[in-house]
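Where a number appears in this text, it was derived from the coordinates with a stated rule and is not lab data. Quick caveat, the model's predicted, so the values are computed rather than measured. Neighbour counts are summed over all protein chains in view; Cβ atoms, including those assigned to glycine, are modelled from backbone coordinates with ideal geometry.
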Ligand code: ME8
């Protein structure tokens with residue numbers, strides 16, 4: 001089993017408000033792939049963090065009558081709390097106000113300056129503070145930000161510029177040579193046509209406010225917040241540090257396997273970021289995956305629109321695993337997805353309460369009742385009935401089907417594959433009717449049936465674990481097995497026959513008690 005590194009990141013979120021369903025969505029998706037890759041034996045580094053500089057944050061602080069540092073320090077723990085509530089297994093958490101980050105940003109500036117990629121110029125144009133984005137006259141729509149529709153500010157500043165315009169051809173060559181760099185395909189086309197249209201040099205410093213990383217060679221200039229933010233992906237690995245341990249960490253995990261981002265921020269990640277890295281002589285990341293927006297009643301959910309819900313309100317009602325499941329199962333990753341209370345209740349009652357929860361509870365119940373809670377031994381007649389064989393075949397093909405889908409970040413498809421096993425296991429129990437076998441005293445067949453169903457549950461728990469880690473851990477506990485979080489070879493663990501005879505099976509409480517729509 002290879003321990004090859006796997007580095008996955010989320011965007012670092014603005015601390016102008018607390019996390020909402022949108023930011024939680026990206027983070028849960030990254031968490032699920034991080035957990036799955038750990039289970040396949042990879043040495044995973046999963047990074048998330050906070051974007052704490054810039055005009056928008058400075059404004060939020062001012063509105064609250066506190067200093068920017070006080071403001072970010074008051075919001076940062078709220079993110080940490082929500083990630084903990086959602087079972088996020090990040091290995092590192094970077095804040096752009098940390099010393100390790102500032103040091104890295106400054107080292108990066110110095111390198112680009114020394115290599116001649118920067119020059120001083122004058123910027124005059126528009127700026128959208130909520131999006132922290134520059135716009136030209138032609139780009140505005142009815143005088144408003146073309147991205148978010150809000151007011152823009154006119155700015156005139158002496159800035160430092162990055163020679164982004166010189167990277168057009170290199171970027172196009174890079175996209176052609178690395179077709180997986182921008183995913184999904186539609187986003188790739190968008191990026192290619194944007195670059196083909198020609199790139200302008202980018203203003204990378206600001207002088208009209210001071211809440212940012214100072215540019216080492218330019219008094220009074222702070223780093224444009226997007227440049228500051230993008231660098232988190234390498235400063236977290238120790239870029240810019242003299243410590244050999246940091247250098248080793250950087251060499252081990254860079255280039256990143258995946259940057260997960262929303263489709264609103266792909267130009268930063270797929271154009272500016274690789275160009276910055278090329279200028280510094282650093283390899284670009286292997287892949288940027290842009291997912292779609294969560295929509296409520298047809299509108300993008302966002303903090304500014306005021307239609308953002310808190311994850312806590314839903315977790316309280318549905319539980320953390322059902323929350324994670326819903327977003328990854330009901331929304332096709334990469335596309336926009338409408339979310340609603342109705343569809344969440346439907347998924348919960350259908351897939352979780354009826355299928356998965358019910359399978360576990362009836363089976364554990366019967367094992368307690370008919371076998372005094374002791375898992376039966378593997379049947380002597382390995383072949384068994386046709387239905388036994390079908391159940392084993394579905395379980396046997398699950399690892400490959402699941403891997404194929406997860407390798408494309410098709411979470412919904414991967415969960416569907418796991419559900420084939422769960423659904424068939426329910427049918428298998430129905431058709432094999434252990435209650436009748438018990439009544440008729442057919443102990444031999446009863447043991448075979450329960451053994452098969454328990455094995456199916458054990459294996460289903462493995463493949464639902466990346467998305468529903470707490471439930472899978474509980475299922476394994478009830479099967480009398482060890483800590484599922486310790487599994488680092490999911491293929492070996494998923495081999496048929498892993499349940500030891502005599503393992504103590506307990507029934508426990510319902511995993512997903514049915515929810516009734518209050519309306
Ligand atoms: O853009 N649906 O931070 P941010 C799905 N700091 N995802 C959504 C969403 C929605 N309705 N709303 C937000 C920033 N997101 C920068 C990033 S990275 C170097 C700097 C998610 O707090 C989506 O991933 O505005 C989007 O890209 C991210 O939140 C933006 O978070």
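Distance from the alpha carbon centroid of the range 114-180 to that of the range 257-300 works out to 15 angstrom.
If you take the Cα centroid of the range 420-469 and the Cα centroid of the range 1-76, the two points sit 40 Å apart.
Each helix, a run of at least 4 DSSP H residues, gives -39500 (n - 2.57); summed and divided by the residues of the chain, these come to -14000 deg cm²/dmol at 222 nm. Sorted ascending by nearby beta carbons within 10 Å, beginning with the fewest, 128, 360 become 128, 360. D for the range 341-493, whole µm²/s, Stokes-Einstein with Kirkwood Rh over alpha-carbon pairs at 25 °C and 0.890 mPa s: what number? It comes out at roughly 153 µm²/s. Of the residues 174, 364, the one with the fewest other Cβ atoms within 10 Å heads the list, and the complete ranking is 174, 364.
What's the FRET efficiency of residue 67 with residue 400 using the Cβ-Cβ distance as r and R₀ = 35 Å, to the nearest 0.05? According to the calculation, E is roughly 0.05.
Expressed to the nearest 5 percent, the antiparallel share of DSSP beta bridges inside the chain is 50 percent. For a modelled paramagnetic label at residue 154, 7 Å from Cα along Cα-to-Cβ, the residues of the range 180-210 in reach, with backbone nitrogen under 18 Å, are 208. Considering only Cα atoms, the convex hull volume of the chain works out to 159 Å³ per residue.
For the range 144-237, relative contact order (Cα pairs under 8 Å, six or more residues apart, normalised by length) works out to 27 percent.
Each Cα pair under 8 Å and six or more residues apart adds its separation to the average, and for the range 341-493 the resulting relative contact order is 24 percent.
Based on Cα contacts under 8 Å between residues 6+ apart, the chain shows a relative contact order of 16 percent.
With neighbour counts taken as other beta-carbon atoms within 10 Å, the residues 43, 228, 114 rank, fewest first, as 114, 43, 228.
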